[in-house]
1. Could we say that Gly244 is at pLDDT 95 or above, surrounded by fewer than 16 Cβ atoms within 10 Å (Cβ to Cβ), assigned to a strand (DSSP E or B) and not aliphatic (A, V, I, L, M) here?
2. Counting only residues that are of a type in the set (S, T, N, Q) and either crowded, with 22+ Cβ neighbours inside 10 Å or without any contact (Cβ under 8 Å) to a residue 40 or more places away in the chain (or both), which one in segment 127-147 is nearest to Asn82 (Cα to Cα)?
3. Tally time: how many residues in segment 150-165 are within 20 Å of the chain's Cα centre (by Cα) and at pLDDT 95 or above?
4. Could you check how many residues of segment 57-81 are in a loop (DSSP other than H, G, I, E, B) and surrounded by 10 or more Cβ atoms within 10 Å (Cβ to Cβ)?
5. Suppose the filter is of a type in the set (D, E, K, R), modelled with pLDDT under 95 and in a helix (DSSP H, G or I); does Arg8 pass it?
6. What's the number of the condition Gly176 fails, among (1) in contact (Cβ under 8 Å) with a residue 40 or more places away in the chain; (2) part of a loop (DSSP other than H, G, I, E, B); (3) more than 27 Å from Asn222 (Cβ to Cβ); (4) not aliphatic (A, V, I, L, M)?
7. Would you please list the contacts, defined by Cβ atoms under 8 Å and residues six or more apart or on different chains, that run from a residue in segment 191-205 that is farther than 16 Å from Pro236 by Cβ to a residue that is modelled with pLDDT under 95 and basic (Lys, Arg)?
8. If I ask for residues that are closer than 30 Å to Asn83 by Cα, surrounded by 15 or more Cβ atoms within 10 Å (Cβ to Cβ) and more than 16 Å from the chain's Cα centre (by Cα), which ones from segment 208-225 would you list?
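The values are calculated or read from the model by the stated rules, or taken from the named source; none is laboratory data. Not measured: the values here are computed from a predicted model. Using ideal geometry, Cβ is built from the backbone for each residue, glycine included, and neighbour counts are taken over all protein chains shown.
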Amino acid sequence: MIMHPANRILSMAGLRLIKASPSKVPGAFLSNYKKNLERLKKEPGAFNVLEQMYYDAGDHPENYIDYECIFTSKHINKIKPNNILDIGSYRHFLIGLLSYYPVTSIDVRERLPLSDNETVVTCDAKKLAIPDNSFDIVTSLCAIEHFGLGRYGDEFDVNADKKAISEMIRVIKPGGYFIFTTTITNAPPSIVFNAHRIYSHDMIKKFCSNLILIEEIAFSHNINDFCAINKATSEPYIWDVYCGCWRKPI
């Protein structure tokens, strides 16, 4: 399915345009809405009846975040780790993860644990206060591209992403896994200051040069689905999403 250009840009922020104006709603839906509204007004039961029409029928809304979480969950399910270190992943993904695994979370901003299954360590990702070879899996979903740009109150460091990845790899046990997602382009790489970096595939491979590749794939905003890495966008200023699972040698 080809996305409307406006939805393509909005999807990068997890948003989507909804056709909600009466002129865009199918006649049958509008007719039923008015009829059922009048029935409710006549027989409201214990409720006050307020009017605010929504039309959300059609394709189920999906965006890149769904696909990142699908990729990561698939590999975690295969690996069945005893412990996980997460750095900067989506909050709702982390909440789901905590239902099954003990998770240590790194956050540059101080916060309380989300559950008894979580340990929160407040520190900068580029200098982890964690011993070597500590975790079966390190996960980091769409986080490394933000490190060191100051967006989250962290200090400016143009090499913070490289330093953080080196630290993540350091704390993985031999034979353990690094599962991460980030921006990717087949155009020249860019820094969109202070939002994020946009990486080339060669840059990502260099980050993981001492690891063993298990699987990598891209999510394309253009087709709203997974695609081969070489099919990711080559449009300047636009990014798709890299999903990779790598293993630390024993």
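1. Answer is no for this residue.
2. Thr139
3. 5
4. Total meeting the criteria: 5.
5. For Arg8, the condition - of a type in the set (D, E, K, R), modelled with pLDDT under 95 and in a helix (DSSP H, G or I) - is met.
6. Here Gly176 meets the rest and fails (2).
7. Here the result reads Asn194/Arg151, each pair linking segment 191-205 to a residue that is modelled with pLDDT under 95 and basic (Lys, Arg).
8. Within segment 208-225, Cys208, Leu211, Ile214 meet the criteria.
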